[in-house]
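Asks: Right, I'll just put the structure down here and ask away after.
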Amino acid sequence: MNEQAKTFHAFNPKAYLTLMKSSVLESMQYRMSVLVMLFGNMMYLIIIYNLWKAIYASVDTPTVNGMTFADTMIYLVLASAQFSFMEAYLVWEMGRGIQNGDIVIQLIKPMSYESFQLFLIAGGNLFNFVVTFIPTFFIVQIVTDWAIPMGINLLYYLVAVILGSLINFAVDYFVGTICLYTHSVWGINIMKQILVTFLSGATVPLAFFPETLHKIVMFLPFHAIYNTPLTLLIHNDIPTCEVGRMLLNQLIWVIVMIIIGKIFWKLSERVITVNGG
Amino acid sequence: MAKITFYLKIYVKILGQDIKSRMSYRSDFIISMVGMILTNVAEIMAFYIMFQNFNSVCGWSYYEMLFLYGFSLIALTPMQCLFENNWNLSMYVRRGDFIKYCFRPINIFFYYISEIFDIKGLGQLGMGILTLIYSWNKLGIPLTFLSMIKLIVALFAASLFFIAIMNFAAASCFYLINTGFLIGTVNKFRDYAKYPVTIFNKGFRFLFTFIIPIAFIAYYPSLLLVRPAEVAVLTWISPIYGILFFYISYRFWMHGVSKYSGTGS
């Protein structure tokens, strides 16, 4: 691929938009799987609703660590909705591409592999955001009698969730790069998934974590993926400077994680030996 | 009898081949095992954090919940280790590769299932045993010959239920096209087996007892050891019900095979 083509495409947003469009169209092909996923999510909601109701029944106070039952439910429901639009299985994709050699086809394209994946995923995320997150949000609003304020917090959430998605992408990209060294994609992926969902507060809200653990978690990038956007969405009494601090923290993590991912990929690129190539 | 020994012999042979080929990827084995154990550790941490803030789940204490969790991990192991190939069924059927199983003079279900042994499931088994011993001790359940017999029978019955549920999910690909995603969704039900079914209202209790019987994976059989005073009738019938449920899922699977006609190539 010559340099001219490279620069041409690098400054051509059309290529990126086409990628996004293609993944949106692809997502629309799997209507049946969307239905089953919806059923699975509903089961999950039924379970956690009953579980947390039983848990809250064991204490006399309605508020535990600043969270009422309703707060906890809203948080967990939206966390699971956010998971279903954000999770793009990039580690699987990269692992498979490395194992069957498809990755070389993408490497010779006049676009960096990272941006290629980023825009492909962005399209899928956008589609899933519209078909899963927005309906879930309104169902939550109707069930809880509009418990989530409809103000500036929605805008904060949008900004925070985009930054969170970028951190999530950078983490996935980093972990996917590890697949260049090992064939155990399943093991690598499950470890990543557990660490991210647990340390980001997607399984148990961070508000319930014991103090030391909470402090440790706040030093890691994962809380910025789920906890920061959801906190900004649910509460509208956060002072503006605090909001700014949280978003800045996210932005720093985006930059740090992308740089780390790029360095790691650069260092690892030379170990690609696909099927004797 | 001769038939059983014949099948046993084949089983050991096929399984041995798979284990041999898997052991040649040692790092893969270690990484998968660590991943499996990490999953369980995170779930125990979640319990721990919950009980830092709350006293009980529907009257169940921390150690009782750990017992349920450990029990469910052990009960899920046979599915994880021995019936893992169910995961690939929809892919084999869609691509047409399934036809190769139809040309063997042995039971197709048996041959298909025995092909894969998932070693990483042993990590889960280890975590399950550790959790069970720990909570067993903390709860002060007497360790007698009878309680061991109860435990083994209860675990056997419990493991059949999840295998049967996954058989149904996998065999659906014979009836509908491309149902690979279904098994992933159904697999998530395993995570719900670790909670006492009493947290649900009547309707859902019925659903999780008779229709999607995940309450049999840990709750009903565990009552025998954790809360002998509360043992339900369902606990006693669970071995029979388990065998029946497994048998139905097996018939469903085999009926699906009879409908299979390849991809026409």
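The values are calculated or read from the model by the stated rules, or taken from the named source; none is laboratory data. These numbers were taken from a predicted model, which means no experiment stands behind them. Here the Cβ is made from the backbone with ideal geometry for all residues, glycine too, and neighbour counts use every protein chain on show. Accessible surface is based on the protein model in full, side chains and every heavy atom, while ligands, DNA and RNA are left aside. Shrake-Rupley method; radii C 1.70, N 1.55, O 1.52, S 1.80 Å.
Asks: When the Kirkwood radius is taken over all Cα pairs of the stretch A:3-271, what Stokes-Einstein diffusion coefficient follows at 37 °C and 0.692 mPa s, in µm²/s?
Replies: After rounding, the answer is 164 µm²/s.
Asks: Rounded to the nearest 0.05, what FRET efficiency is calculated for A:Phe138 and A:Glu269 with R0 set to 41 Å and r the Cβ-Cβ distance?
Replies: Step by step, r from the Cβ atoms, then E = 0.35.
Asks: Can you tell me the length gained on complete extension of the stretch A:Asn100 to A:Phe219, counting 0.36 nm per residue apart and subtracting the Cα distance? Walk me through the numbers before you get to the answer.
Replies: Numbers: separation 119, 0.36 × 119 = 42.84 nm, distance 3.72 nm.
Taking A:Asn100 through A:Phe219 to full extension adds about 39.1 nm, to one decimal.
Asks: Of A:Ala147, A:Ala57, A:Ala70, which is the most mobile in a GNM of chain A whose springs link Cα atoms less than 10 angstrom apart?
Replies: A:Ala57
Asks: If you wrap a convex hull around the C-alpha atoms of the stretch B:178-265 and split its volume per residue, what is the figure in Å³?
Replies: Here the figure is 117 Å³ per residue.
Asks: When the Karplus curve 6.51 cos²θ - 1.76 cosθ + 1.60 is applied with θ = phi - 60°, which whole-Hz ³J(HN,Hα) does each residue of the stretch A:78-95 get, with x for Gly and Pro?
Replies: Going residue by residue, I get 5, 4, 5, 5, 5, 4, 6, 8, 8, 5, 10, 6, 5, 4, 4, 4, 5, x Hz, with x marking Gly and Pro.
Asks: Give the separation of the Cα centroids, the stretch A:71-149 to the stretch A:180-204, in Å.
Replies: 16 Å
Asks: Here's another thing I want to ask about it. Place a point 7 Å from Cα of B:Ile248 in the direction of its Cβ. Which residues in the stretch A:34-66 have their backbone N less than 16 Å from it?
Replies: Taking a point 7 Å out along Cα→Cβ of B:Ile248, no residue of the stretch A:34-66 has its backbone N under 16 Å.
Asks: Please report the orientation-averaged projected area of the stretch A:89-152, defined via the convex hull of its C-alpha atoms, in nm².
Replies: Numbers: hull surface 25.5 nm².
For the stretch A:89-152, the mean projected area of the Cα convex hull comes to 6.4 nm².
Asks: Follow-up question, since we're still on this one. With chain B treated as a Gaussian network of Cα nodes joined by springs under 10 Å, which of B:Ile37, B:Ile165, B:Ile19 yields the largest mean-square fluctuation?
Replies: It is B:Ile19.
Asks: Here is a follow-up. From the helices alone, meaning DSSP H stretches of at least four residues, give me the mean residue ellipticity at 222 nm for chain B, per-run term -39500 (n - 2.57), in deg cm²/dmol to the nearest 500.
Replies: Here the helix-only value at 222 nm equals -23000 deg cm²/dmol.
Asks: Please list, ordered by chain and number, the residues whose modelled amide H lies under 5 Å from the amide H of A:Val64; skip anything fewer than 5 residues away on the same chain.
Replies: Hits under the 5 Å cutoff: none.
Asks: Taking the Cα centre of each part, how many Å lie between the stretch B:82-113 and the stretch A:217-250?
Replies: Value for the Cα centre distance between the two parts: 49 Å.
Asks: Sticking with this one: Once phi is turned into ³J(HN,Hα) by the Karplus curve 6.51 cos²θ - 1.76 cosθ + 1.60 with θ = phi - 60°, what whole-Hz value does each residue of the stretch B:20-30 show in order, with x for glycine and proline?
Replies: Rounded to whole hertz, the list is 4, 5, 6, 5, 6, 9, 5, 5, 4, 4, 5.
Asks: Determine how many Å³ per residue the convex hull of the Cα atoms of the stretch B:27-153 encloses.
Replies: Measuring per residue, one finds 161 Å³ for the Cα hull of the stretch B:27-153.
Asks: Which residue fluctuates most in the GNM of chain B (Cα springs below 10 Å): B:Ile183, B:Ile99, B:Ile129?
Replies: For chain B, modelled as a Gaussian network with Cα springs under 10 Å, the answer is B:Ile99.
Asks: Related question: Any idea how far the Cα center of the stretch B:167-209 sits from the one of the stretch B:5-77, in Å?
Replies: Answer, in whole Å: 19.
Asks: Taking beta carbons within 10 Å but only from partner chains, what does the mean come to for residues B:43-51?
Replies: The mean count of partner-chain Cβ atoms within 10 Å per residue comes to 4.
Asks: Another question about this same structure. Setting aside same-chain residues fewer than 8 positions from A:Lys215, which lysines have a Cα under 21 Å from its Cα?
Replies: Excluding near neighbours in sequence, the set is A:Lys192.
Asks: Something else now. Summarise the accessible area of chain A (1.4 Å probe, protein heavy atoms) by the percent that is carbon and sulfur.
Replies: Numbers: 9630 of 13810 Å².
The nonpolar share, carbon plus sulfur, comes to 70 percent.
Asks: Can you give me the Rg/Rh ratio for chain B, using Cα atoms for both radii and the Kirkwood formula for Rh?
Replies: Ratio of gyration radius to Kirkwood radius: 0.99.
Asks: OK, next. At most 13 other Cβ atoms within 10 Å plus a DSSP loop assignment makes a site exposed; report the longest stretch of chain A without any exposed chymotrypsin sites (Phe, Trp or Tyr not before Pro).
Replies: Here the longest segment lacking exposed loop sites spans A:31-145.
Asks: How large is the helix-only mean residue ellipticity at 222 nm for chain A, computed as the sum of -39500 (n - 2.57) over DSSP H runs with n ≥ 4, divided by its residue count, in deg cm²/dmol to the nearest 500?
Replies: Result for chain A: -23500 deg cm²/dmol, rounded to the nearest 500.
Asks: For the stretch A:57-186, I need the span (max minus min coordinate) of the C-alpha atoms along each principal axis, in Å, sorted largest to smallest.
Replies: Principal axes ranked by extent give 59, 32, 20 Å for the Cα atoms.
Asks: Take the Cβ-Cβ distance between A:Leu107 and B:Glu230 as r, set R0 to 45 Å, and report the resulting FRET efficiency rounded to the nearest 0.05.
Replies: Using R0 = 45 Å, I get an efficiency of 0.15.
Asks: Continuing with this model, one more query. Enter the buried accessible area of the B/A pair, total of both sides, probe 1.4 Å, in Å² rounded to the nearest 100.
Replies: 3200 Å²
Asks: Over its Cα atoms, what ratio of radius of gyration to 2.2 N^0.38 Å does the stretch A:116-263 give?
Replies: Values: Rg = 16.2 Å, N = 148, 2.2 N^0.38 = 14.7 Å.
Normalised Cα radius of gyration, the stretch A:116-263: 1.10.
Asks: According to a simple spin-label model (label point 7 Å from Cα along Cα-to-Cβ), what is the distance in nm between B:Ile30 and B:Tyr134?
Replies: Inter-label distance under the simple model: 2.4 nm.
Asks: Starting from the Cα coordinates of the protein assembly as shown, work out the convex hull volume and express it per residue in Å³.
Replies: 181 Å³
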